[in-house]
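These notes concern the structure reproduced below.
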Amino acid sequence: MNLEELNSLISYVKRKQPNGTPIARFIQESYKPDFEHERKLALFEGYLQTLEGYLEQEAQQAKDKIRQTEAKIDEEFEKLNQKVKAGLISSEPNVVDRHQEEILDQWRYELQYADYWSDTVDEFADTLRKSFFINLYGFWESQLFPLCKALEPYENMPKVENALDFGPAQAKEFLGKINVPLGGGTAWCTINNYRLLRNCLVHNNGDLERCGKKDRKNIESFLSKRPLLSIDKKGDIFLNTADVVLVRKEKVTFYRIQELRNMLSESGEICFKKGEVICLPESIGVFQEDFTFQKDNPNDSATLRTLEEKEQIIFRKGKTIICRIDEDDPVNLQEADAVIFQEGSNVIFRQGSIFRSMVVINKGFCEESLETFTQFFEDLQNALTQWALSQTES
């Protein structure tokens, strides 16, 4: 709201309602000021409806493509079954399996592409919703400075000391003077959390790992109360029995069981070093000393330290550290090479070089945020109206 709009509002409030007749009310309404935020919010709402309509259409097409491809595969399987029943193809399991594999190979590319396209649509939906939210927040913040600048000349108002650094914290002083609701549960309080989310999206592309510890904790707390926001943990590896994590020359390397078998077949032995990790049935073992496993002379004399409940393994600068999990102070992967921990029944290996804890905006959050910003402007307009009345009486 700028100075012209503020003056229009004051002029509107100053006008007394004559008699309350229909004609009088019509005359009064003709002086009602037109606010930029009302027009812009209406445009945001229309754009959001178009955006979600487009995404829904694309998502449906992707789902239809997957269903069509799966239906074609089922149709080919049914044809194969008919040939087996008619004796045209042997019913031996290995023969049937080979024919089924040939069918899957024939349609594998189309099915993979359909899945890929579905994932692409989901990622693009997140991108568009983030763009909408960032622009909506930017519009809201752009309205604060002209409003406070318009209020500045009035009695008991603060001064705008620095226009370049003016933001929500400075605007809060002005809003408090005109009694805009600012406490817990208000639109302003929610938008203050939006600020942290917006900064994470703009400056860190939504990657929580790159946020400061305090901001990350606040954002995660806010996200936990918002089912329309989520965190996509990209890069986590779920370990299985006999998977290993080796530390060689300060580099952490992960191997699946088949890769270990190939290594054993080629060299005849695998040498484990102190501090390296192997996943055992229902537990995680850390080698307490160097150990060599030989193909022709296997033995189980390795000294292993089993990871206990609520413990984690941190790999940092070539060293293996076992410590308790501190939920209030999680491992900063910018300062560690990798970490292994249990989450429910899963054993997770997380590398700092590839792991990303990304904020995801799901369908419905943009509508929710638009309603919040709309509520703020309604709170602001009501407060300004009451404040303008007090100005006319003084």
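Numerical summary
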{"quantity": "L208 being out of contact with any strand residue (DSSP E or B) (no Cβ under 9 Å at 6 or more places or on another chain), surrounded by 14 or more Cβ atoms within 10 Å (Cβ to Cβ) and in contact (Cβ under 8 Å) with a residue 60 or more places away in the chain", "calculated": "no"}
{"quantity": "Some residue of the range 121-133 being of a type in the set (V, I, T) and outside any helix (DSSP H, G or I)", "calculated": "no"}
{"quantity": "Subset of the range 205-228 [over 22 Å from E368 (Cβ atoms) and small (G, A, S)]", "calculated": "G212"}
{"quantity": "Residue satisfying condition, being surrounded by 11 or more Cβ atoms within 10 Å (Cβ to Cβ), part of a helix (DSSP H, G or I) and out of contact with any Cys (no Cβ under 8 Å at 6 or more places or on another chain), within set G53, G138", "calculated": "G138"}
{"quantity": "Per-region count, the range 173-185, residues part of a helix (DSSP H, G or I) and not charged (D, E, K, R)", "calculated": "3"}
{"quantity": "Residue within the range 186-203 that is outside any helix (DSSP H, G or I), without any contact (Cβ under 8 Å) to a residue 12 or more places away in the chain and over 21 Å from W387 (Cβ atoms) present", "calculated": "no"}
{"quantity": "Matching residues in the range 212-250 - criterion: being over 21 Å from E343 (Cβ atoms) and free of Cβ contacts under 8 Å to residues at least 24 places away in the same chain", "calculated": "G212, K214, D215"}
{"quantity": "Residue satisfying condition, being loosely packed, with under 12 Cβ neighbours inside 10 Å, under 30 Å from E45 (Cα atoms), of a type in the set (D, E) and not assigned by TED's automatic domain parsing to the domain that holds L197, within set D105, D97, D119, D126", "calculated": "D119"}
{"quantity": "Pairs with Cβ under 7 Å, 6+ apart, first in the range 352-380 and within 26 Å of V121 (Cβ to Cβ) and acidic (D, E), second at pLDDT 90 or above and assigned to a helix (DSSP H, G or I)", "calculated": "E367/L48"}
{"quantity": "Meets criteria (more than 30 Å from S390 (Cβ to Cβ), touching a helix residue (DSSP H, G or I) at 6+ places or on another chain (Cβ under 8 Å), of a type outside the set (S, T, N, Q) and modelled with pLDDT of 90 or more) for K130", "calculated": "yes"}
{"quantity": "Output for the range 268-313, where each listed residue is free of Cβ contacts under 8 Å to residues at least 12 places away in the same chain and either of a type in the set (K, R) or over 21 Å from I348 (Cα atoms) (or both)", "calculated": "N297, P298, N299, D300, S301"}
{"quantity": "Only one of I219, I231 that is touching a helix residue (DSSP H, G or I) at 6+ places or on another chain (Cβ under 9 Å), outside any helix (DSSP H, G or I) and under 15 Å from M358 (Cα atoms)", "calculated": "I231"}
{"quantity": "Yes/no for F349 being assigned by TED's automatic domain parsing to the domain that holds I325, of a type in the set (F, W, Y) and without any contact (Cβ under 8 Å) to a residue 60 or more places away in the chain", "calculated": "no"}
{"quantity": "In the range 288-321, the residues that are over 37 Å from the mean Cα position of the chain (by Cα) and not polar (S, T, N, Q)", "calculated": "E289, D290, F291, F293, K295, D296, P298, D300, A302, L304"}
{"quantity": "Top-ranked residue in the range 139-162 [being touching a Lys or Arg at 6+ places or on another chain (Cβ under 8 Å) and of a type outside the set (D, E); ranked as farthest from R198 (Cα to Cα)]", "calculated": "N156"}
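The values are calculated or read from the model by the stated rules, or taken from the named source; none is laboratory data. Since we're looking at a predicted model, the values are computed, not measured. All Cβ positions, even for glycine, are placed from backbone atoms using ideal geometry, and neighbour counts span all protein chains on display.
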